[in-house]
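What follows draws every value from the coordinates through simple rules; no lab data is involved. Here the structure is a predicted model, which means the values were calculated and not measured. Heads up, the Cβs are rebuilt from the backbone with ideal geometry, glycines too, and the neighbour counts pull from every protein chain shown.
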Amino acid sequence: MTATSPAAPVSDIDVFSPEVLADPYPAYRSLRDAGPVVQLSAHPAWAITRYADVRAALADWQSFSSASAVALDDMMNANLRGTVLASDPPEHDVLRNVLSQQLAPRALAKLRGEISERADALVAEAVARESFDAVTELCERLPVDVVADLIGLPAEGRGVLLPGADAVFAGFGPMGPGFAERMPTLLGYFEYMQSFDSRDKLVPDSWGAAIWDAVDDGRIAAESAVPLMTAFLSAGMDTTVHGMSAYVRFLAEDPELWAALKADPHLLAGGFEEALRLESPVQGFFRLTTRDVDVDGVLIPADTRVLLSFGSANRDERHYPDPDRFDIRRNPVDHLAFGYATHGCAGQGLARIEAQALIGALLRRVDRIELSGAPVQHENTIARGLEHLPVSVVPAS
Ligand code: HEM
């Protein structure tokens, strides 16, 4: 440690304890106030929790490596080795580029119509019942089919996908009981994905087929194909479900918010960004320092595992005024819920299309929405979201 770099404070806050996971925001505030970098005594990791520092670390992959380093646990990191999420450039860029055409705004724009139709049908079905669980009966139903169809998976067998992706997220945190319980689910999910080890099992012209094209023309190795498909599936379902559910909850809890959105539907898109800012579906990922790094005057030694807390950064009062308030007009386009820079979410355009389609349909088909029971939080160390959200609605007259 150099004379100019004070030691990072040590905190005994356990960001993965059930109490903190239930409501992590007071703990995040304490960590932010403790310093730009904090050593977590409950885990073999340090944490960066302020907006500017998280963003700077995300932009500096040379110092904060993702290669075999995005999870807390070494075994999980070994399993993730060589995947798009857990690699650095140039290896990362090769994998990331495989679907860059499919994810470009022009290609995504072509999906908008069909996704809107699907979303509208789901909303119509739910609204007709006037009382429903907005997580299980609405938000969960769109992303699984959208992403699985894009990858080109057959219609049968998709039941493993959502629980499988949830288990993957739990694997990025500590290997506690929550992960042990999910192990059989995780293995079943990987076994299911492994069955798509050749092009003929996938729908032609799908994202999955494009991945096999990359194998055929030598851009990526054959053993990277299934992990790449798995990365898109795992990253693209729960996350979107959690983000949309959070948005519905904010709207159902506050009649004035709903009225504001009804009066000006242009606020819809910015409202989704605000929901993601406040309830970031991915609360954080890890990195490993490749060298001594100075973060706002505090030194992190080389070879230190560091949690980059998106959930905390997005509520940093140093960056967002009144950060705990849902402000439908804030439009926080610079939030870090999709990460940033090298590993910034590859599917954010798709997530936005899905959310705008679903919440947009709700807005058209519903005059009033309110909670009809207590929301139930889903427990996962990394992915934050709801398990249940009972709502009742008054259909649009
Ligand atoms: C609201 C929904 C979503 C949220 C909050 C979200 C969040 C994130 C975050 C935080 C990262 C950065 C990881 C890092 O820095 O290490 C990421 C990466 C990624 N996301 Fe998303 N995501 C969402 C939806 C999607 C969708 C719909 C897809 C695709 C179908 C997707 C595919 C990916 C992929 C492939 C990566 C890895 C990118 C890379 O390593 O270069 N995500 N996402």
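Starting with the highest mean, order 241-254, 99-112 by the number of other Cβ atoms within 10 Å, averaged over the residues of each peptide.
241-254, 99-112
Just how large is the dipole of the chain about the Cα centre, in debye to the nearest 20, putting +1 at every Lys and Arg Cβ and -1 at every Asp and Glu Cβ?
620 debye
Give a residue-ordered list of calculated ³J(HN,Hα) values for segment 149-164 (Karplus: 6.51 cos²θ - 1.76 cosθ + 1.60, θ = phi - 60°; whole Hz; x for Gly, Pro).
Listing the rounded values in order: 5, 5, 5, x, 7, x, 5, 7, x, 6, x, 7, 5, 5, x, x Hz.
Using a Gaussian network model on the chain with a 10 Å cutoff between Cα atoms, which of Tyr25, Tyr51, Tyr192 fluctuates the most?
Highest fluctuation of the listed residues: Tyr192.
Just add up the charged neighbours of Ala59: K/R +1, D/E -1, any other residue whose Cβ is under 12 Å from the Cβ of Ala59.
0
Where does the charge balance sit around Ser372 when Lys and Arg score +1, Asp and Glu -1, over other residues with C-beta under 14 Å from its C-beta?
Taking every Cβ under 14 Å from that of Ser372, the sum is -2.
Anyone know which of Val54, Val333, Val15 comes out most mobile in the 10 Å Cα GNM of the chain?
Ranking Val54, Val333, Val15 by mean-square fluctuation puts Val333 first.
Please give the contour-minus-distance gain from Asp334 to Asp14: 0.36 nm per residue of separation, less the Cα-Cα distance, rounded to one decimal in nm.
112.4 nm
Looking at the square roots a ≥ b ≥ c of the eigenvalues of the Cα gyration tensor of the chain, which shape do they give, rounded for a/c under 1.5, prolate if a/b is larger than b/c, or oblate?
oblate
Quick check: Cα centre of segment 262-314 to Cα centre of segment 170-223, how many Å?
Spelled out, the Cα-based centre of one part sits 26 Å from the other.
Using +1 at the Cβ of each Lys and Arg and -1 at the Cβ of each Asp and Glu in the chain, identify which of His378, Tyr340, Val15 lies farthest towards the dipole's positive end.
With unit charges placed on the Cβ atoms, the residue in question is Tyr340.
By per-residue mean of other Cβ atoms within 10 Å, what is the highest-first order of 266-274, 223-231?
Highest-to-lowest ranking by the protection proxy: 223-231, 266-274.
Going by average Cβ neighbours within 10 Å, how do the peptides 322-328, 162-168, 81-87 rank, with the highest at the top?
162-168, 81-87, 322-328
In whole Hz, with x marking every Gly and Pro, tabulate ³J(HN,Hα) for segment 201-216 from phi via Karplus 6.51 cos²θ - 1.76 cosθ + 1.60, θ = phi - 60°.
8, 10, 5, x, 6, 8, 4, x, 5, 5, 5, 5, 4, 5, 5, 4
From the helices alone, meaning DSSP H stretches of at least four residues, give me the mean residue ellipticity at 222 nm for the chain, per-run term -39500 (n - 2.57), in deg cm²/dmol to the nearest 500.
-13500 deg cm²/dmol
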